[in-house]
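Peer 1: My questions all concern the structure below.
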4 protein chains.
Amino acid sequence: MPKRIGILTSGGDCAGLNAVLRAVTLRAIQGYGWEVYGISHGTQGLLRRPIDYQKLDLKSFEGSILRLGGTILGTTNKGNPIAYPMEDGTLKDRSAEFAEGCQMLGLEAMIGVGGDGSLHILRKLMEKSKIPFVAIPKTIDNDLGITERSIGFTTAVDVATEALDRLQPTAASHDRVMILEVMGRDAGHIALAAGIAGGADIIIIPEIPYKLQNIAHKIDDLLKKQRNFALVVVAEAVKTENGSALQIFDLNGRARYGGIGHYLSDEITRLTGAETRFTVLGHLQRGGQPDASDRLLASAFGVRAVDLVAEGKFDRMVAWQNRTIIDVPILDAISLNSTVDPNDALVQTARGLGICLGDAPYA
Amino acid sequence: MPKRIGILTSGGDCAGLNAVLRAVTLRAIQGYGWEVYGISHGTQGLLRRPIDYQKLDLKSFEGSILRLGGTILGTTNKGNPIAYPMEDGTLKDRSAEFAEGCQMLGLEAMIGVGGDGSLHILRKLMEKSKIPFVAIPKTIDNDLGITERSIGFTTAVDVATEALDRLQPTAASHDRVMILEVMGRDAGHIALAAGIAGGADIIIIPEIPYKLQNIAHKIDDLLKKQRNFALVVVAEAVKTENGSALQIFDLNGRARYGGIGHYLSDEITRLTGAETRFTVLGHLQRGGQPDASDRLLASAFGVRAVDLVAEGKFDRMVAWQNRTIIDVPILDAISLNSTVDPNDALVQTARGLGICLGDAPYA
Amino acid sequence: MPKRIGILTSGGDCAGLNAVLRAVTLRAIQGYGWEVYGISHGTQGLLRRPIDYQKLDLKSFEGSILRLGGTILGTTNKGNPIAYPMEDGTLKDRSAEFAEGCQMLGLEAMIGVGGDGSLHILRKLMEKSKIPFVAIPKTIDNDLGITERSIGFTTAVDVATEALDRLQPTAASHDRVMILEVMGRDAGHIALAAGIAGGADIIIIPEIPYKLQNIAHKIDDLLKKQRNFALVVVAEAVKTENGSALQIFDLNGRARYGGIGHYLSDEITRLTGAETRFTVLGHLQRGGQPDASDRLLASAFGVRAVDLVAEGKFDRMVAWQNRTIIDVPILDAISLNSTVDPNDALVQTARGLGICLGDAPYA
Amino acid sequence: MPKRIGILTSGGDCAGLNAVLRAVTLRAIQGYGWEVYGISHGTQGLLRRPIDYQKLDLKSFEGSILRLGGTILGTTNKGNPIAYPMEDGTLKDRSAEFAEGCQMLGLEAMIGVGGDGSLHILRKLMEKSKIPFVAIPKTIDNDLGITERSIGFTTAVDVATEALDRLQPTAASHDRVMILEVMGRDAGHIALAAGIAGGADIIIIPEIPYKLQNIAHKIDDLLKKQRNFALVVVAEAVKTENGSALQIFDLNGRARYGGIGHYLSDEITRLTGAETRFTVLGHLQRGGQPDASDRLLASAFGVRAVDLVAEGKFDRMVAWQNRTIIDVPILDAISLNSTVDPNDALVQTARGLGICLGDAPYA
């Protein structure tokens, strides 16, 4: 068994990361007497000299850190050490520096928290560094295979649902069609779940192709039934009707969130004459206080990941299935991208409620 | 296929019932063109003359009803029609009146929302009434077998977790041991989940026998580690150390919530000298706005229950398992009381975090 | 004393309007035995034939309507009856139709809820209609003179503060500068209050001219102090540094919210190299559940407005000052636009906390 | 001007104390370059040897401390140093030790945050210690004179209002009378404000004598109007109808919250036959996250208190009046106990809404 483990959070932040850090630390120290080194800013802390890290102990997690959004270690979705973007524009393999960092800290195992992209990189890095590795899944998009839920998803759904709760009364007061654009780079899980929970009339996700005419039809139909407003939820990854990507780039060439909400807003006005407003929820979905479900999942994952290290079961990811925690090969998990299955129970639920998914008129 | 179905909510209310009523109504009307009659006050509406009911239509569920706690139909956990408590103190079988009520309304199928007790009664009543029946599980205690979750549970956990979030800072400010008594008549699911999510140090549930000495030991240990406060969560059904029930009865002989929280508060002071305060969460756990998870579950169950009626699959209960909706014989579900299994993943999580469950000192 | 009064909500909706309608109805019926006619969609209900209204009674306000955002009557900020935009592009004075509508309903007094623009129009309309009028102030911008607070303001501040609470952890996790654009057409009250309450480092409001260089200086200074993130709040009405308006127009020529948040985001990146993200809060500030303060204010205003009608004190607006309700001539109130006074207590508080208001470097 | 100031929080904790500590520290360091010493556990830190304190700097308040309930310094409402309860049961004047503690730390001024009792003691202590003193008012009861609001009040009202929001749907679902007992040792401000904001039918406060018969009459009247439930709010300080105190004492002789809620619950059942349930909100009202209003007030008070020290204006308390911060002699403030005036605007509002205050039947 190791005496000292590292932990890092990687990729975009989400609610529940601090609860993971707490669970890992409490279990490692109280259960096994290990030392826990938290690496700062994802993989970056191990590339810096001096190495950027903080020793985590029981004191670190007193008080309210369990309930705080974000990650006290910091994270990043830039700077892959295997293909690191240098100032001169070239990409450099810095994995040896990374391995050296692990060596210098005396890490005997690593626990990494990330989504599919991050875990893919981390797995390779740890292999090159010859440090045994256990993975914990986090992604607000919930697009990681095998596990029913990843950390951060239910809180993101809560925030998006709450936004619909706030948009509904103002939509009804002003006879408006309100469009809410939520996160979801490739998968429509947030849009689908929040749309059902928040009472949306129309939900547009990347997995189900839509026709503007179907959306317009649904809105016309609602108005015919004396309903004076409509709620639309759309995932940011949705493209225009003819398949163009819709994104606003800023002066640095960085992609901004947004685009599809504005597009739908304009197109709905054009086709139906309805007054529309759109809201882009953006980063409000990430930093919030984790809900009870995310804190539970994070705690369960953190404890189990440490136990896997103790049991010498490496290259595995913890996952939630059927009310319990299992562990699976990381490769299996990250090779399965879990987008919304059109036959999914919640898709059936949405159709059953009469929600328009854009692929049919529902009149 | 029926042309007119009834729906009723029975037993203690919880968050998400209106979302069920909405889903059933939307599906039955939009999907099949049926009429939906909502029975008032659980089974009572069918015993009254004139029958107490309201016709539910699409208009009934516009606006914000999806997000409202409670049930617009009303409910009751008194007055079982098969053994109805009469004014003279006797019990009377009024199931014929109930059947007559169904007849008078012209109901061709019934959907009932309830916990194990209610569903047991409802099933018998519907059998006697010769009305095909489909059940939807709800109980904040989450003690119904087969289904991973019943409606109302996650919201009750949210409320209890939020209470711990509020008690922690005042506990820490005043060097106090705070005891939170949560609902849970036979099962400790709420206490266990909220305790982990809310950062409790000690969780006492009916499924795991405790010793006061272990609790005192844990508190002493925390104080030794320079922690100046502790959070304790206890389920209302927990008895005294020697197994006595602890309940305060009011002048009408009705049992009040409370008792065990006060008891633990006094015993902890006696054994440790710590300053304690207790809070009985009570009905705050029932009436709140349903969270997104409960609204999703309620929507999925409501739609599927109507589909079961359409498919002629009766005497079945909808259930949630492994990310999808299944249906099972009602008898199977209600004969399996799902209390906390001491080997459950969350129990392991609690132990892994160093939470004292009362059965061992954890020093 | 009148036997029948009308009530309408006008202009943009906000949290607390239903609480006003409830208070007016309860007071008018229980206190005086009057009838209350709620006019639909602001002034529009009285221009339509048949007149669009609903009779309000005690039953209308049972349950949860007190806590619902928006207005059950509907409202609009379009279609001033004195200069009504006709389909042919001309403006028409339809005040005679409006007066006729009042006549047809038999209204003997009117209570109108609105901001300065709406109250200005309403006052003229009621004068032309010869219906005595009492006004209740509402505006999330809180820019109405004399009254310390108007309905909707504190809830809007809550929502914006909560947004900052959510952006802070993700900003800190990713070393980012987060910019939040909040409502405030002419006044910076929401930005100022939410910025202080939410821990912003920089607050930019239309009342205080700013230099980009001062903002950049503040951010550089924070980074020098080892702070890795910054929070910026900006009111939507703020212009570019050289005074240009910044607004995105959609294909219908309607102005969208947004613009200044994106602008600041780009400029901060340009000047400091910091990674920035912006969020436009938009309509989330309007429709939310009113907080306790807004419900109290709305209830107090509603009761008092009815009493003013009973006392025959017309052409007056209720207002909140120094813990009590007063009433003042409407003209006095709407002629005083209450923007943020640079010597205001909260401006001093912001400066005292070291918050950069853009007019000085604060290094 | 001083070079080093002390700050302490005293008496029961409430939401907003950390926001005060942050504002004082930011202003003192950034504005004047002073050192800030936070005394631990109210006055107790200065009685302990070594002295129990922490130096507060800018780093102490990064992240989320502004939004945390409680006080990071700790507080106490026991152990008045002027009449300190010794183990042998006697009271001892330990003010010389307190003064010595101030001396040892080199404090040149003290800022104290407390309610009327705490400020009374603190003022005397500081006088004896010859340390200039400035006071900041905090009390969830809002019973401090002169200032419109003290820190902690609006958050306590929010929590109590939210409790009513949760009790209403379950009351309506089960045909119950729900009684909520809220804090308020001598003053009914929380009960009155939350009762109005939360839609209570009956509000009982210590300032207005009540008759059970009036309460029963109101409930009967509601039932006659086909309302099937009622909401009652009562302040903990309310006595029985004939003036007896109602408190449950535990085995240590400590008074517990509760008593009057249970009493009213039983009496209402006795008089009306209604099914009742009561909830004692207790400490949930203290530790919550401060709302935006409390954070604003705390920030404004903290900054101004430091400025008073800088200006050499001592023995004064900051206060909020008419949208601005003033300062007044501490003695003036604490000699004015601000209970609910029966002619207060909110009392009129409550009566205007038809809420029964217990002193008249309202039928």
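Peer 1: With the crude spin-label approximation of a point 7 Å out along Cα→Cβ, what separation in nm comes out for residue D:311 versus residue D:49?
Peer 2: 4.0
Peer 1: To test your reading of the geometry: what angle, between 0 and 90 degrees and rounded to tens, separates the Cα axis of helix C:292-311 from the longest principal axis of chain C?
Peer 2: 30
Peer 1: Here's a follow-up. How large is the charge dipole for chain A, taken about the Cα centre, if only the Cβ atoms of Lys, Arg (+1) and Asp, Glu (-1) carry charge, to the nearest 20 debye?
Peer 2: On the way: 38 positive and 42 negative charges, 126 e Å.
I would put it at about 600 debye.
Peer 1: Of D:120, D:214, D:240, which is farthest along the charge dipole of chain D in the positive direction, counting Lys and Arg as +1 and Asp and Glu as -1 at C-beta?
Peer 2: Toward the positive end, the furthest listed residue is D:120.
Peer 1: Moving on to the next point. What do you get for the angle between helix D:116-129 and the principal long axis of chain D? Use alpha-carbon atoms, 0 to 90 degrees, nearest ten.
Peer 2: Once rounded, the angle reads 10 degrees.
Peer 1: Let me have the relative contact order for chain D, percent, based on Cα pairs under 8 Å that are six or more residues apart.
Peer 2: Over chain D, the number comes to 23 percent.
Peer 1: In terms of modelled amide H atoms, which long-range or inter-chain residues lie less than 5 Å from the amide H of residue A:291?
Peer 2: Result for residue A:291 returns A:155.
Peer 1: Test of understanding: in a Gaussian network model of chain C with alpha carbons linked when under 10 Å, which of C:269, C:90, C:154 would top the mean-square fluctuation ranking?
Peer 2: Among C:269, C:90, C:154, the largest mean-square fluctuation in the Gaussian network model of chain C belongs to C:90.
Peer 1: Answer rounded, prolate or oblate for the protein assembly as shown, using the Cα gyration tensor with square roots of eigenvalues a ≥ b ≥ c: rounded when a/c is under 1.5, else prolate when a/b is larger than b/c, else oblate.
Peer 2: Rounded shape, in that the Cα axes give a/c under 1.5.
Peer 1: Using a 10 Å cut-off on Cβ to Cβ distances, tally the other chain neighbours for every residue of B:270-281 and report the average as a whole number.
Peer 2: On the way: counts 2, 0, 0, 1, 0, 4, 3, 6, 7, 7, 5, 4.
Partner Cβ neighbours, averaged per residue: 3.
Peer 1: Separate question: Considering only Cα-Cα distances, which of the following residue pairs are longer than 29 Å: D:92/D:313; A:3/B:225; A:55/D:3?
Peer 2: On the way: D:92/D:313 32 Å; A:3/B:225 22 Å; A:55/D:3 35 Å.
Where the Cα-Cα span goes over 29 Å, the pairs concerned are D:92/D:313; A:55/D:3.
Peer 1: Moving on to the next point. In whole Hz, what ³J(HN,Hα) sequence does region D:182-199 give by Karplus (6.51, -1.76, 1.60; θ = phi - 60°), x for Gly and Pro?
Peer 2: Per residue, the Karplus-derived 3J(HN,Hα) values read 10, 5, x, 5, 10, 10, x, 4, 4, 4, 5, 5, 5, x, 5, 5, x, x Hz.
Peer 1: Oh, and also: Which whole number gives the average, over all residues in D:13-20, of C-beta atoms from other chains lying within 10 Å of the residue C-beta?
Peer 2: Taking all residues of D:13-20 together, the mean is 2.
Peer 1: Can you tell me the dipole magnitude for region B:273-328 around its Cα centre, using point charges on the Cβ only (Lys, Arg +1; Asp, Glu -1), in Debye to the nearest 20?
Peer 2: The dipole magnitude comes to about 60 debye.
Peer 1: Also, I was wondering about something else. Build a GNM of chain A with springs between Cα atoms under 10 Å: which of A:338, A:40, A:173 gets the top mean-square fluctuation?
Peer 2: Judging by the Gaussian network model, the answer is A:173.
Peer 1: Using only Cα atoms, locate the centre of region A:1-20 and the centre of region A:295-363, then give the distance between them in Å, rounded to an integer.
Peer 2: Taking the Cα centre of region A:295-363 as reference, the centre of region A:1-20 is 19 Å away.
Peer 1: List, in order, the whole-Hz ³J(HN,Hα) value for each residue of region B:135-148 obtained from phi through the Karplus relation with A = 6.51, B = -1.76, C = 1.60 and θ = phi - 60°; use x for Gly and Pro.
Peer 2: Listing the rounded values in order: 10, 10, x, 9, 5, 5, 6, 6, 9, 8, x, 6, 6, 4 Hz.
Peer 1: Near the amide H of residue A:278, under 5 Å away, which other amide H atoms are found, from residues 5 or more places off or on another chain, if H is placed in the peptide plane?
Peer 2: A:179
Peer 1: Hey, another quick one. Need one number: the % of Cα-Cα pairs in region B:1-117 sitting beyond the 17 Å mark.
Peer 2: Roughly 55 percent, once rounded to a whole number.
Peer 1: Still on this model: Less than 10 Å Cβ to Cβ from residue A:299, Lys/Arg counted +1 and Asp/Glu -1: what total charge do the surrounding residues give? Can you show the working numbers first?
Peer 2: Values: positive: A:22, A:27, A:295, A:304; negative: A:294.
So the surrounding residues net to +3.
Peer 1: To two decimal places, what compactness ratio does region C:53-184 give when its Cα radius of gyration is scaled by 2.2 N^0.38 Å?
Peer 2: 1.42
Peer 1: Also: When the expected Rg is taken as 2.2 N^0.38 Å, what fraction or multiple of it is the alpha-carbon Rg of region B:98-252?
Peer 2: That works out to 1.39 for region B:98-252.
Peer 1: Right, another one. Inter-copy label distances at residue A:65, 7 Å along the Cα→beta-carbon direction, one decimal in nm, shortest first?
Peer 2: 1.5, 4.8, 5.0
Peer 1: A further question follows. Can you list the residues of region D:317-346 with backbone N under 20 Å from a point 7 Å past the Cα of residue D:32, pointing along Cα to Cβ?
Peer 2: Answer for this model: D:317-320, D:325-331.
Peer 1: Using the Kirkwood radius built from alpha carbon pairs, what does the Stokes-Einstein equation give as D for region D:267-363 at 10 °C and 1.306 mPa s, in µm² per second? If you can, show how the numbers build up before the last one.
Peer 2: Values: Rh = 18.0 Å.
Once the numbers are plugged in, D ends up at 88 µm²/s.
Peer 1: Give the angle, between 0 and 90 degrees and rounded to the nearest 10, that separates the Cα long axis of helix A:260-272 from the longest principal axis of the Cα atoms of chain A.
Peer 2: 10
Peer 1: Sticking with this one: What shape does chain C take by its C-alpha gyration tensor, where a ≥ b ≥ c are the square roots of the eigenvalues and a/c under 1.5 counts as rounded, a/b above b/c as prolate, and the rest as oblate?
Peer 2: prolate
Peer 1: If all Cα-Cα distances of region B:1-50 are sorted into 5 Å bins from 0 onward, what percent lands in each bin, rounded to whole numbers?
Peer 2: 5, 19, 26, 22, 17, 10, 1
Peer 1: Which of the GluC sites (Glu not before Pro) across region D:53-156 are loop residues per DSSP, with 12 or fewer other Cβ within 10 Å?
Peer 2: Taking region D:53-156 and a limit of 12 other Cβ atoms within 10 Å, the loop GluC sites (Glu not before Pro) found are D:87.
Peer 1: Let me ask something else about it. Quick one: among A:288, A:79, A:273, which has the greatest mean-square fluctuation in a GNM of chain A with alpha-carbon springs under 10 angstrom?
Peer 2: A:273
Peer 1: Moving on. Ordered shortest first, which distances in nm separate the 7 Å Cα→C-beta label point of residue C:361 from those of the other copies?
Peer 2: Residue C:361 label point versus its equivalents elsewhere: 6.4, 6.7, 7.6 nm.
Peer 1: If Lys and Arg each add +1 and Asp and Glu each add -1, what is the summed charge of the other residues whose beta carbon sits under 13 Å from the beta carbon of residue B:182?
Peer 2: Its environment carries a net charge of -3.
Peer 1: Sticking with this structure for a sec: Would you mind checking the pairs A:59/A:130; C:211/C:239; A:59/B:218 and listing those with alpha carbons more than 22 angstrom apart? Intermediate values should be presented prior to the final figure.
Peer 2: Values: A:59/A:130 31 Å; C:211/C:239 11 Å; A:59/B:218 17 Å.
Distance filter (> 22 Å) returns A:59/A:130.
Peer 1: While we're here: In a shell of Cβ-Cβ distance under 13 Å around residue A:213, excluding residue A:213 itself, what net charge do Lys and Arg (+1) and Asp and Glu (-1) give?
Peer 2: After counting each charged neighbour, the total is -2.
Peer 1: Based on DSSP, what percent of beta bridges with both residues in chain A are antiparallel, to the nearest 5? Let's see the in-between values first.
Peer 2: Working: 14 of 47 bridges.
Bridges in chain A that DSSP calls antiparallel: roughly 30 percent.
Peer 1: What are the distances, in nm and sorted shortest first, from the label point of residue C:329 to the label points of the same position in each other copy, with each label point placed 7 Å from Cα along the Cα-to-Cβ direction?
Peer 2: 4.1, 8.3, 8.5
Peer 1: Hey, another quick one. Mind checking which chain B residue has its Cβ closest to the axis relating B to A, and how many whole Å off it is?
Peer 2: B:322, 2
Peer 1: Separate question: Using modelled amide H (1.01 Å from N, peptide plane; none on Pro or chain starts), what sits under 5 Å from the amide H of residue C:144, excluding residues fewer than 5 places away?
Peer 2: C:338
We did not get these values from a lab; they are worked out from the coordinates using the rules stated. Just so we're clear, the structure is a prediction, and the values are computed from it rather than from any experiment. Cβ sites come from the backbone with ideal geometry, for glycine too, and all protein chains shown count toward neighbours.
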